[in-house]
Each structure stands twice: as structure tokens, then as C-alpha cells.
1. Tally Lys/Arg at +1 and Asp/Glu at -1 over every other residue whose Cβ is under 12 Å from the Cβ of LYS181; what's the total?
2. Long-range amide H contacts for VAL37: which residues qualify at under 5 Å (H placed 1.01 Å from N, peptide plane, sequence gap of 5 or more or a different chain)?
3. Please work out, to two decimal places, the log10 of the ratio I(q)/I(0) at q = 0.08, 0.09, 0.11, 0.13 Å⁻¹ from a Debye calculation in which every Cα of region 2-178 carries one identical scatterer.
4. Give me ARG344, ARG110 sorted ascending by neighbouring Cβ count inside 10 Å, so fewest comes first.
5. For the residue pair ALA267 and TYR358, what label-to-label distance in nm results when each label sits 7 Å from Cα along the Cα-to-beta-carbon direction?
6. Please flag any cysteine in the chain that has no other cysteine's Cβ under 4.7 angstrom from its own Cβ.
7. On a C-alpha basis, how far is the centre of region 310-377 from the centre of region 50-99 in Å? Whole number, if you could?
8. Taking the Cα centre of region 195-356 as origin, sum charge times position over the Cβ atoms of Lys and Arg (+1) and Asp and Glu (-1), and report the length of that vector in debye to the nearest 20.
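Taken together, the values in this text are just the output of simple stated rules run on the coordinates, not laboratory data. Note that the structure is predicted; figures quoted are calculated from it, not measured. A quick note on method: Cβ atoms are made from the backbone with ideal geometry, for glycine too, and the neighbour counts reach across all protein chains shown.
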Amino acid sequence: MKVLIVTSGFLPGVKYGGPPISINNFCSLMDNCECYVVAKNHDMGETLPYTGISAGWNDKGNCFVKYLSDENYSKDSFLAALDEIKPDILYLQSLFADCVLPCLSIAKLRNVPVLLAPRGELCPGAMRKKYKKIPYIGLLRAAGLIRNVSFQFTSDDELMGIKRYFGESAKAFALTNVPSKPKKLSQRSKKRVGEIKIAYLSRIVPKKNLYYALSCLPGLCGSVEFNIYGPVEDASYYEKCKSLISTLPSNIKANYCGYVGQGGSHAIFAEHDVFLFPTQSENYGHVIAESLSVGCPVLTSDQTPWTFEGFEAAGRAIPLDMKSKFMGELQGLIDEDGFASAGRRSCAIRYFDHAANYDSLRSRYSDVLLAVKNFDK
């Protein structure tokens, strides 16, 4: 089966968040498919093209990628790629990206079935500012561009959003994202009582809630090292975070460590005792999977699919209106000895292995792709 994926960002870009990782992991998982990716030739917010890419299709081992300049990232180029590849399925990674409207028009023109992953864009938290989104959704429906579209969802909230905005009859499939598997497991030095290394790794924007994470630190007893990784996408929000950092007590050190290159997150998480990620909303949360995969427990909000049910030592999913609970969990981790910490790390890896289940995931994706291909036939 041939799958054509059109997306804004792809590897080696590091500023587009989770979607490029999802796409790359999908291509690696589905080794029984021919995967083709069309993407922009530069990272988010950049103008210089990636180094080491060439015109035409670049063979990445698990897929073929065509990188386009902003000028050529257009309907004509998407149509040319579709006519050249003749895919069985067009796989889109967003509902609101600038490639979606032209791609849905092309799919309707060529009668190609579409699998569309909203990537959390229809969840309640993401739809708060919807004054532009609702008319756009209305346009898609009125133009008949959703006729051959099947939706992918990763949570009940996402399914509810799909049904709310596209009708109860919208065809939707439950498909979890494909997590990244670490190349190797690193040994963390033994934790000492009264000390902790906390990681925050994500884009620095309000939705990811760095300020909230920082606000959980004052009042903690012990030696706390809080390391921040991720691109600064909202400068004014980051200034607000820096103001809070400047008021932290002397026992708490917060450091901005820059953004992480491709494949670098596993090594970072392996060096920390916990990943603090009180995000406002995630349809999946690749960084959570990456942290767990190397044995770094996670404290996150209850706005992700990760519940830790049956693996409570691996982390907690806490409502954002319970900040004292976040602080209590952090203090408990600070007070833990090396033996208890090692047990948590082992549990985190077991939880990741339980959630990943690559063979089952491959089978599920194969079944859904076949159903999408045969949609309306």
C-alpha cells in the first residue's frame, strides 16, 4: 500500500513538536507500506533550508521525502506529487495547517481516500479560540471536502470534537500515536535523599504550561535542579517565566538549556529523576512516552491519554486545579532514596513497554489503513 503524507514540518526539523516524530515513527512501524512525505524544507520559524537534502525524493530508509520551499509548497506541487505517486491513501497531520484545504480539494478531484489526524486540534482546550476555526470547518463541509475523509483520534475528547464539528456520522478510528523507542538505555547515577533533578522538555508556549511548572517549585524542601529544554516560541510568555525564575529561593536552581536536537530527548530524560509536564492539553504526548521509555517518571496533567493505571509508580496524571498535589508528589520524590527511585524507573519502562506494544499497533494501523482505502467502496 502506498501512503502519501503532506505536512508542514518533518525531520530533521526540531521545532514542529510531536507531528514529525509521529510521522517518522509511523513510517518505521509500517514497513509493509511505501511511505512518501511532502514537507517544507526548513524548520518552523526559520528560512534557511536544511542541510543535506536534495531536490526530488530523498530516501530516508523508512520513507521518501520531498522537501519544498515556501514558494513551491502549494497545491500544484501537492497535485504533482499525488499524480506521480498514485497513493492508496492521503494522510494529513492537521486540520488547520495551510496544506489541508488544497490537499482535500485534490483528494476530491482525484477521488483519493483521506486519513486525517487532527493532532488534538479539536479537543476542548485547543478550541477555546474558535472564531476563525468554526467558519473554516463550515467551509470544508459546505464544499464537500470531507466526503472521502476518515478521522484518526487518540482520546475520547478528540472523538467528541470530531463528532461535534463534523457530525455523528463522521468516520473515525481510534489510533494511538507510534512512540519512539530508545536506541539504548542509560544508567542513571543513584539518587540521594533530599536531592532531585527535574526535566521540563517542550515548546515554550502557554499551552505547555512552563509557568505553572515553575510555580510548583517554591516551598519545596531540599536541593532542586530544574532544567528547561525547548524552543522559545512565545517570547513574552518566556519573559514572564524568567521573572518567576528570578524569585525562586536559593535551594532551587532553574536553568534554560536550549532546545533538543533530533533524537536527543532520550538521553536528557535518562539524566533526570522526573519529567514535570503540567500541559493544558495533549492528544498523545510523545515527550511523555520518551521519558517513560528510558525510566524517567512523569508528573503531568490529566489532559493527556496517559493515566498510569496499574503503573502508579511510573508517574501521576493530576488535575491542574490541584497544584498542591503536584507539589506534594515532587516533595515525595525529593525525599526518596536511591532504592525507591530505581523502582520507579523500572516501573516507568514497564509502563512504556505495556503502552507501546508495537506488534499490536502495527496490526491496528494495517486494519485501519485498509478500511480507509476501501471507504465508500
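1. 0
2. ILE5, PHE64, VAL65, LYS66
3. With one equal scatterer per Cα and no solvent, log10 I(q)/I(0) is -0.23, -0.30, -0.45, -0.64.
4. Listed from fewest to most nearby Cβ atoms, that is ARG110, ARG344.
5. 2.1 nm
6. Result for the chain is CYS33, CYS99, CYS103, CYS123, CYS216, CYS221, CYS241, CYS257, CYS296, CYS347, no neighbouring Cys Cβ within the cutoff.
7. Cα centroid of region 310-377 versus Cα centroid of region 50-99: 32 Å apart.
8. For this selection, approximately 300 debye.
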